[in-house]
Each structure stands twice: as C-alpha cells, then as structure tokens.
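Report on the structure given below.
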C-alpha cells in the first residue's frame, strides 16, 4: 500500500511527542502491510467524513484516511476523538 501524507497530517504529526510519533510510524507500517489488520481497528466514518476511514494508533489517538485507489491511501488528519467534530 502506498501512503500519501496530507500537509495537515504532517503538521499535526510534528506536534506529537516523540514516543507517540514512534507509535504512529509503527501503525502506518502495519497499514502498509495489511490494511485491515485487527490491531488497527479500521472503520468507515459517517456524517461529513462519510468518504473517509479511520484507524487507531492507541486508545486515544486516531488517524483519518481516504482511499485514492486500491493501492494508495492518503493520511488526512491525526488526533484524538475531537478530529471527528
């Protein structure tokens, strides 16, 4: 799976603490290998984000992404549950 990083995602990622950044990188690598890995808990979103999906980094942190093609995803935003608002 090819990963594209939205500018907003990169900006938000840089603000994260280093230990959380490492965890995010691990989860992104997992996403590259197997998009529906059970540890990611990938799910489709609703409402204004209905074209997007989300996966868990940890209990608090989520990443919202969208499919650009069958082999390419764009990581859009990262944060806690407030990113859904």
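Every number in this text was worked out from the coordinates using simple rules, so none of it is lab data. The structure presented is a predicted model; accordingly, all values stated were derived computationally and were not measured. Cβ coordinates were reconstructed from backbone atoms using ideal geometry, including for glycine residues, and neighbour counts include every protein chain displayed.
With neighbours defined as other Cβ atoms within 10 Å of a residue's Cβ, the residues 5, 48 order from fewest to most as 48, 5.
Taking N as the residue count of the chain, its C-alpha radius of gyration divided by 2.2 N^0.38 Å amounts to 0.99.
The stretch between residue 85 and residue 32 holds 16.4 nm of extra length on full extension. This uses 0.36 nm per residue minus the Cα-Cα distance. Under 1.5 on a/c is rounded, so check that first for segment 1-41, then, if it is not, pick prolate when a/b is larger than b/c and oblate when it is not; a ≥ b ≥ c are the square roots of the alpha carbon gyration tensor eigenvalues. Oblate, because a/c is 1.5 or more while a/b does not exceed b/c.
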